[in-house]
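Below is one structure, written out as structure tokens; comments come after it.
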């Protein structure tokens, strides 16, 4: 709280002037001499001191006003400083919270990326295993087709297949069934391999002897 300026008690200017006028009139009533001079000197001294007192009083009042204004400015500056400090602390706390949240999001993103990388790695291994298994089945089917196409070495006419055409058609049907199953499960690679096997059987059937087909 700003202290109230101290009050300066001084005699009114009229009272000083009345005293001065009285001394001067009294001096003029005397015939002269030392007493009259002393009265004039007293009047002059009182007048001088009155002016000095008035000047000092004015200066003191101005100093009091300056002091009160300085105190007010100091209070405003202290309040502004407190507000700036509080705002700085708030911004610092907000920044710390945002940094912590960002770090947590980065850690979560890193964990998700690691999990996805592991998942895709395992999925690639599973797909490769299925491709290897399908390729093995296709190689086995091709080997069986080669056996079906190879004529008997002795006692059998070359125009007659080792395996009846009905067996080839049955194998063809099995490839179609497997291709549909792989298609429904989304295994495009296995589906394509089965379709290739079915196409190979179609070519074998197209090149078979009509007499054998009739049988």
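The values are calculated or read from the model by the stated rules, or taken from the named source; none is laboratory data. Computed from a predicted model, the values in this text were never measured in an experiment. Counting neighbours? That spans all protein chains shown, and the Cβs are built from the backbone with ideal geometry, glycine included.
Odds and ends about this structure:
- Residues of the stretch 15-66 classified as in contact with a helix residue (DSSP H, G or I) (Cβ under 9 Å, 6 or more places away or on another chain) and not in a helix (DSSP H, G or I), total: 1
- Test: residue 119 is at pLDDT 80 or above and loosely packed, with under 11 Cβ neighbours inside 10 Å: yes
- Residue within the stretch 169-187 that is modelled with pLDDT under 80, touching a helix residue (DSSP H, G or I) at 6+ places or on another chain (Cβ under 8 Å), over 30 Å from residue 129 (Cβ atoms) and surrounded by 15 or more Cβ atoms within 10 Å (Cβ to Cβ) present: no
- Checked against (1) closer than 30 Å to residue 19 by Cα; (2) modelled with pLDDT of 90 or more, residue 51 passes all but condition (2).
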